[in-house]
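Encoded as C-alpha cells, the structure appears first; notes follow it.
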Amino acid sequence: YFMVAYYSAILLFMGVMLPMPMSHTYHGVAAFHVLDGWFFIIIMIDFWLRFILQDTPVNQTRPYSLLPISRKFLMRRYLINAGLSWGNLYWAFFLVPFAFLSVFRSMSLGATAGWLIGWWLLIVLNSYFYLLIRSLCTRNIAWAMLPFMLHAAIICIATIPEHNVLDMPCTNF
C-alpha cells in the first residue's frame, strides 16, 4: 500500500508540475497537445507495468472453471471486470491534475471531461491488449515478442526521424 501511495504521489506531482513547462517549450502549443502527441509512451509504460506487476488472466479465472457455470459467461464477466477495474484509473492521478491545469484553461469543462474519458478508454483498450498478450503467452511464449516488436517499431518511428511523424496523427486522434 505504501508503494501504491508513493507512486500515486509521484504521478500527482508530475500531473501538477508538467503542464507549465510543456506549454512554454513548444512555442504556444497547449500542453495537452504535447502530451497527446506522445501518448504512445504512456501506453507503453502502462503495458509494461501491467506485464510486470499483474497476475496472469489464467491464474485469476482458473478457480472459477470448476464451478457449474458457463465458461462463456465467466469470460464475459471477467472481461467486464477487467475493463472496469480500479487499476485502469491509476493514471488518473497524473491525468486529472494535468487536464485541469492545461485542458480546462483553454476549453470548457465538457471538453476536459471528454479528454479524460478518451484517455481512460485508451488505457482500458491497453488493458485488453495486455490480457490478450498474456493469454496468448500461456499457449506459446513466442507471443511475448509481439509487444516488444510493436513498441520498438513505434519508438523507432517516433524518434529516428528529426521530426516525430506520429505527433500530429496522435494529437488529432
Fill in: Given charges at Cβ of Lys, Arg, Asp, Glu: the range 42-109 dipole, positive-most of S108, L66, Y78
L66
Response to the item:
Normalised Cα Rg of the chain, dividing by 2.2 N^0.38 Å with N its residue count, works out at 1.18
Worksheet item: the range 39-96: percent of C-alpha pairs farther apart than 15 Å?
Response: 60 percent
Worksheet, complete the sentence: Ranked output for segments 141-154, 65-78 by mean other Cβ atoms within 10 Å, highest leading, reads 141-154, 65-78
Worksheet, complete the sentence: Tilt, helix 2-17 to longest principal axis of the chain (alpha-carbon atoms), in degrees rounded to tens, equals 30 degrees
Fill in: For the range 114-167: rounded, prolate or oblate by the Cα gyration tensor [a/c cutoff 1.5]
oblate
Worksheet item: Where does helix 71-83 land angle-wise versus the long Cα axis of the chain, in degrees 0 to 90, nearest 10?
Response: 20 degrees
Worksheet item: Roughly how tilted is helix 39-53, in degrees to the nearest 10 and between 0 and 90, from the longest Cα axis of the chain?
Response: 30 degrees
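Read-outs: derived from the displayed coordinates by stated rules, not from any lab. Computed from a predicted model, the values in this text were never measured in an experiment. Reconstructed Cβ throughout: ideal geometry from the backbone, glycine too, with neighbour counts over all protein chains shown.
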